[in-house]
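The values are calculated or read from the model by the stated rules, or taken from the named source; none is laboratory data. From a predicted model like this one, the values you see are computed outputs, not experimental measurements. A quick note on method: Cβ atoms are made from the backbone with ideal geometry, for glycine too, and the neighbour counts reach across all protein chains shown. To get the accessible areas, we keep the full protein, side chains included, count just its heavy atoms, and leave off ligands, DNA and RNA. Shrake-Rupley method; radii C 1.70, N 1.55, O 1.52, S 1.80 Å.
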Amino acid sequence: MSKIIKMTKISHREVEENAMDLPVEEFCRQMGLEVLHNGNKSVIHFSTFNINRPGLQLADYYEHFGYERVQILGEQETAYLKSMDAAHRKKACDRLLSYDVPCLVICSHLEPCAELIESAQKYGRVVLRSKQRTTMFINELSIFLNKLLAPTQTSHGVLLDLYGVGVLIIGKSSIGKSETALELIQRGHRLVADDAVCIKRVSDRLIGAAPNVIRYFMELRGVGIVDIKRMYGAGAVKLTTSIDLVIKLETWDEEKEYDRLGNVQETYNILEVELPMHTIPVKPGRNLAVIMEAAARNYRLKSMGVDTLAELDTRMKNHDQKEDIDLFLES
C-alpha cells in the first residue's frame, strides 16, 4: 500500500493537459444518450468544453468552424436539412462529417436523415441521440465538459470537511497531518483524501477528491494503513469537497514571529486560484485539531461578513478606562 501511495504522489506543480479520451459507452451512460452509429473509434476525444451547432456549416459556411467541438443538431438544423433536396442534403452532410469531429449529437429524439447516417458510415463518425430538448442538453453537456476538462493537479496533503469548510492540510512529511486528521475524524468531521489529493478547478472553484486506488485509506506511521470508512462509518468520509482554506503545518521556529492578531493575509496558489492560508506552528502540547476547528469556524464567520479584528479595533478606539475601574470596584 505504501508503494501505491508513493506512486500516486505527484508534485503540486504538475498539471495535466486539458484533454480527455472517454469511451463512447461511458459518455452515453453519463449523458443518457443512444448510439445511432458507433463510428470507427471506441473512444471520444474531448479537447474543449465549447459546443457547436453547425447551422452555418450546413449552409456551406466553414470559416472559423470549430470542428474539434461536440456538434449538436437541434430542431432547427434538422428542419433545415429536411428542407433541402436530396443532392444538396447529401453534399451538406458529407462536408460536415468529413471533418474529424469528436461526435455528433441529435437532440429532441429526432430522426436523422438517411444522408447523415450514410456520411457517418463513410467517414467513421460517432452519431448519438438525446431525448432532451436542445437547450437543456447543451446546458447539461456544458457542465459535464467543464468538469471533465477542468485543469487538474495532484497535491501532497490531507483534505477534510470541517463544518462544511473544505480544509487542505499541507506540510512536510511526518509533521503530523494524518494524525491530526484522525483526531478531527474522531471529533465528527469527514475525510476526503489522505496523502494524495486530486484537485480540479471548475469555474474558478477548486474541487478535491482522493485517487480511486487509495480512497478513504489513511497511512499512520507505526500502525500502517487503516480504512476510515469501515472503522468509523460512512458518515466519517466524503467523496468530494470544495477547497476553501489551506492550513500549513510547520515545526515551531522560536525566532519566527507568527501571526497573533489575524492581520497577516497569507494565500496559497493552486491552479491559479488564490486561497486563504494559515501557518500553524507545531510543537508538543498544542492541540492542532482544536486549532483547525477554530480556523474553520473563523473562516465561516468571515464569509458571513464578521470581521473579528475590525470589531476589536472598534472596541479599542471606543475604550473607556473608567468603565474598567468601575467594573473592578463592583466585583
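Here SER203 passes the criteria (1) closer than 30 Å to PRO281 by Cα; (2) touching a helix residue (DSSP H, G or I) at 6+ places or on another chain (Cβ under 9 Å); (3) among the hydroxyl-bearing types (Ser, Thr, Tyr) except the one numbered (1).
Matching residues to (1) over 29 Å from VAL35 (Cα atoms); (2) open to solvent by 10 Å² or more (accessible area, probe 1.4 Å):
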| position | (1), (2) |
| --- | --- |
| LYS122 | no, yes |
| ARG125 | no, yes |
| ARG129 | no, yes |
| GLN132 | no, yes |
| ASN139 | no, yes |
| LEU145 | no, no |
| LEU148 | no, yes |
| HIS156 | yes, yes |
| VAL165 | yes, no |
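Within the stretch 46-59, the set of residues being open to solvent by 80 Å² or more (accessible area, probe 1.4 Å) and at pLDDT 95 or above comprises ARG53, LEU56. Entry remark, the stretch 83-109: residues being under 15 Å from GLN71 (Cα atoms) and open to solvent by 40 Å² or more (accessible area, probe 1.4 Å) number 4 in total. Residues of the stretch 199-219 that are among the polar types (S, T, N, Q) and either buried (at least 20 other Cβ atoms within 10 Å of the Cβ) or part of a helix (DSSP H, G or I) (or both): ASN212 alone. Only one entry in VAL192, VAL213 is among the β-branched types (Val, Ile, Thr) and closer than 16 Å to VAL167 by Cβ, namely VAL192. Quick one: what pairs do we get from the stretch 111-124, first residue without any contact (Cβ under 8 Å) to a residue 12 or more places away in the chain, second of a type in the set (Val, Ile, Thr), C-beta under 9 Å, 6+ apart or different chains? From the stretch 111-124, the pairs are GLU111/THR78.
Filtering the stretch 171-181 to residues that are more than 19 Å from VAL237 (Cα to Cα) and either among the hydrophobic types (A, V, I, L, M, F, W, C) or open to solvent by 30 Å² or more (accessible area, probe 1.4 Å) (or both) leaves LYS172, SER173, SER174, ILE175.
Within the stretch 186-198, the set of residues being crowded, with 19+ Cβ neighbours inside 10 Å and closer than 23 Å to GLU293 by Cβ comprises HIS189, ARG190, LEU191, VAL192, ALA193, ASP194, ASP195, VAL197. Summed over the stretch 264-318, the residues that are assigned to a strand (DSSP E or B) and without any contact (Cβ under 8 Å) to a residue 12 or more places away in the chain give a count of 3.
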